[in-house]
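Student: This structure is in structure tokens; I'll ask about it shortly.
Just so you know, all these numbers are worked out from the coordinates, no wet-lab data involved. Since we're looking at a predicted model, the values are computed, not measured. As a convention, Cβ positions derive from the backbone with ideal geometry for all residues, glycine included, and neighbour counts pool all protein chains shown.
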Amino acid sequence: MIQPAIEIHGIHKIYPATGGNPATHALKGIDLTVDHGMIFCILGPNGAGKTTLISILSGLLYPDAGTGYVGGFDLLRDRRRIRWIVNLASGQANFTDNFTVEETLTYFGMLYGLPKADRKKKADELMGFFELGSHRRIPFNQLSTGLKQRLALAKSLINDPKILFLDEPTVGLDPRVSLLIRSRLQEWHQKRGTTIILTTHQMDEAEQLSDRIAFLRDGQCVRIGGAEELKRSIQFHERITIRGRGLERAPELIGRIPGVSDIRGDRNQVMCRVDSRQKCLNSILEAVLPSGAIIEHIDITRPTLGDVFVALANQSDTDQRVLF
Amino acid sequence: MYLLHLQTNLIQINAFFFKIWLITRKRVFHIFEILFWPAIGLISVGLLTRFLDLEPNMVSFILIGVIALSIVQIGQLDISYIILYSVWNKSLKQELAAPITIFHLITGAWMMGVIHSLVVFCLLSLFSFYAFGFRFLDQGLVPLALFYSGLALTSAVVGIIVCALAFRFGGRAHVGATSIVSIMILLSGIYYPVRVLPQPLKALSACIPLTYFLEYFRSLVGFPASIENPLAAGYSLVAIYLILATGAMLYAIHYSKKSGILLKMSE
């Protein structure tokens, strides 16, 4: 059986009390398995423990309890070996302010022990890949936010990592740069099969990139699954909006149909929730059309990952409320 | 395989040499610290000896102290800055995510510190000869090399302690460097022999390696040392302090990763 890229059990992290602040139990027994070559997304509200978890997996933070393996190496005993095969990029990353793009990549290439010829080749390749070539001699502190982030990503690939940790890689970036970064990451992932662990608040990014998603809340993993699986796990309902004329009787007629709820309407519009679009839509049309209403437009709103996020972030441990 | 392993380690050591070299090249202020202040120190003290109309051997006594202090101060700067610059730039976690060890870090930075301090040592020695008539080379190349090596190792101890303080206290740790060097000025016999210190302070000065290196070299210009073999005492002490300082730095790094200070310093 092939060992997963990452496998952790019972990871706890407690930040000690400082100044007047009490101790914080940031991770409360996280179990996680990530297969090789997967893009695994970790979602959660601020303070859920996402950065703490990524920091532990990348060796920058030591857990207080738990065991695990990263790239086949023991999380607690083989930390330096793990650092050889992983790398990370975080949003708003910082480097030495007056080092140029080229100097920064050269420096990090040396930190990973790359010989001179390999280093130069790798730096040139990454500068080309992230469109940094024309900025190679610009100091870090003179780069725009988008260029800084591209440099951070270029640096994160300097050692061809087997596992890449990305902590909000597109935070604060404009849509054009975000799209560029996402497409580059997908391209890299497809070519090299790198396992990627990603945290983000951009739901479309999570949905577009990830194979599996873990949702963290208050230091615990509350859900794991694919995007569609997560949407189904919360009792989400699609919403149907019908616009037209003569819809005054529509709410009364639709209310008799099983699986339809939360009906609101007036003469020009009626909205409702349905348990199943496939089952209810035909019944709704069969109920409404004979009343003489003229239907001009039908909207069907499917639940998004953002809806899942809000639901899970607000949900209590025993609460399985239906949304919408 | 062994050669590949050796090559990788040499490249990683060179990374920190490269970093300090770039910082030196790009920051005028760093060159000021390395050249300007030591020169000012030497000139002002040298002129003081002239004003006081001191005997030539007394001038030698004081100039040995002043130049030794500069060597220790400059040598520790590069080791201190290798971490302090990362703290000030909030880039520490990016660097520590790489598979480097403190051996790479200290060795690479110290190599640049040795080069800087050697250049300054040569310049100050030349100046002390032309301005004040004192020649370091008169004592012989081997004694000079032994003296200089002791100072370089002492600077390594100071630099490593400052790095340990940086992991614990962040960017304010550079105050530690100033404090440690100030203590050396007071207690090691930079400007006066340690026998003039009050008894409790004499006991403290006996714990500082620089005290013995200064006594060793001054014994060659007519000022007998307080013990039979000050060089052995100096090297023994500096070896102990190197081990302790390295242990302190390892602990500080461990603590910073355990407590989350490392992440906070990079935000």
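Student: Considering only A:209, A:268, A:145, whose Cα is most displaced toward the positive end of the charge dipole of chain A, charges sitting on Cβ of Lys, Arg (+1) and Asp, Glu (-1)?
Tutor: Most positive-ward Cα: A:145.
Student: Turning to a different aspect of this structure: Averaged over B:17-26, how many beta carbons belonging to a partner chain fall within 10 Å of each residue's beta carbon?
Tutor: On the way: counts 1, 5, 6, 0, 0, 8, 3, 0, 1, 7.
Averaged over the peptide's residues, the number is 3.
Student: Same structure, new question: Sort B:54-65, B:2-13, B:241-252, B:205-216 by the packing proxy (mean of other Cβ within 10 Å over each peptide's residues), most packed first. Spell out each step's value before the answer.
Tutor: Values: B:54-65: 18.8, B:2-13: 14.0, B:241-252: 17.2, B:205-216: 23.7.
The most tightly packed comes first, giving B:205-216, B:54-65, B:241-252, B:2-13.
Student: Compute the distance in nm between two label points, each set 7 Å from the Cα along the Cα-to-Cβ direction, one at residue B:196 and one at residue A:262.
Tutor: 8.7
Student: Taking the Cα centre of the protein assembly as shown as origin, sum charge times position over the Cβ atoms of Lys and Arg (+1) and Asp and Glu (-1), and report the length of that vector in debye to the nearest 20.
Tutor: Details: 57 positive and 46 negative charges, 58 e Å.
Here the protein assembly as shown has a charge dipole of around 280 debye.
Student: Non-local amide H neighbours of residue A:26 (under 5 Å, H modeled in plane, Pro and chain starts lacking H): which ones?
Tutor: A:13, A:14, A:15
Student: Which residues make up the longest stretch of chain A that has no GluC sites (Glu not before Pro) in a DSSP loop with at most 15 other Cβ atoms within 10 Å? Let's see the in-between values first.
Tutor: Working: sites that count: A:131, A:248.
Excluding the exposed sites themselves, the longest stretch runs over A:1-130.
Student: Suppose only helical runs count, i.e. DSSP H with n ≥ 4. What mean residue ellipticity at 222 nm does that imply for chain A under -39500 (n - 2.57) per run, divided by all residues and rounded to the nearest 500 deg cm²/dmol?
Tutor: Values: 11 runs with 111 residues, N = 324.
Mean residue ellipticity at 222 nm (helix-derived): -10000 deg cm²/dmol.
Student: Relative contact order of the range A:165-324: what whole-number percent is it, with Cα pairs under 8 angstrom and at least 6 residues apart?
Tutor: On the way: 224 pairs, mean separation 36.7, N = 160.
Computed value for the range A:165-324: 23 percent relative contact order.
Student: Counting each DSSP H run of 4 or more residues in chain B as -39500 (n - 2.57), what helix-only mean residue ellipticity at 222 nm follows after dividing by all residues, to the nearest 500 deg cm²/dmol? Don't skip to the answer; put the middle values down first.
Tutor: Numbers: 12 runs with 210 residues, N = 267.
After summing the helix terms and dividing by the residues of chain B, the value is -26500 deg cm²/dmol.
Student: Can you work out the FRET efficiency for the pair residue B:254 and residue A:12, with r the C-beta to C-beta distance and R0 = 22 Å, to the nearest 0.05? Could you put the intermediate results ahead of the total?
Tutor: Numbers: r = 18 Å, r/R0 = 0.81.
Given R0 = 22 Å and the Cβ-Cβ separation, E is 0.75.
Student: If exposed means no more than 13 neighbouring beta carbons inside 10 Å and the site is in a DSSP loop, what's the longest run of chain A without any exposed trypsin sites (Lys or Arg not before Pro)?
Tutor: Values: sites that count: A:77, A:137, A:256, A:267, A:321.
Longest gap between qualifying sites, sites excluded: A:138-255.
Student: Which pairs, out of A:13/B:257; A:162/A:191; A:148/B:257, put more than 19 Å between their alpha-carbon atoms? Could you put the intermediate results ahead of the total?
Tutor: Numbers: A:13/B:257 11 Å; A:162/A:191 12 Å; A:148/B:257 25 Å.
Distance filter (> 19 Å) returns A:148/B:257.
Student: How large is ³J(HN,Hα) for each residue in the range A:221-232, as worked out from phi by the Karplus curve 6.51 cos²θ - 1.76 cosθ + 1.60 (θ = phi - 60°), to whole Hz, x for Gly and Pro?
Tutor: Using θ = phi - 60°, the values come out as 8, 9, 8, 9, x, x, 4, 5, 4, 5, 4, 6 Hz.
Student: Averaged over peptide A:108-118, how many Cβ atoms belonging to another chain are found within 10 Å of each residue's Cβ?
Tutor: On the way: counts 5, 3, 14, 15, 7, 14, 4, 4, 2, 0, 0.
That works out to 6 on average.
Student: Given R₀ = 60 Å, FRET efficiency for residue A:31-residue B:206 by Cβ-Cβ distance, to 0.05?
Tutor: Details: r = 57 Å, r/R0 = 0.95.
Result of the calculation: an efficiency of 0.55.
Student: Let me ask something additional. Please compute the contact order of chain B in relative form: average sequence separation of alpha-carbon pairs under 8 Å and at least six residues apart, divided by the residue count, as a percent.
Tutor: On the way: 306 pairs, mean separation 64.8, N = 267.
So the answer I get is 24 percent.
Student: Name the long-range amide H neighbours of residue A:88: under 5 Å, sequence gap of 5 or more, or other chain; modelled H, no Pro or chain starts.
Tutor: A:165
Student: A further question follows. Give me the net charge of residue B:211's neighbourhood, meaning all other residues with Cβ under 14 Å from the Cβ of residue B:211; Lys, Arg count +1, Asp, Glu -1. Kindly include the intermediate steps, with their values, before the conclusion.
Tutor: Details: positive: B:195, B:202, B:218; negative: B:215.
Residues close to residue B:211 contribute a combined charge of +2.
Student: How large is the convex hull of the Cα atoms of chain B per residue, expressed in Å³ as a whole number?
Tutor: Values: hull volume 37.6 nm³, N = 267.
Value for chain B: 141 Å³ per residue.
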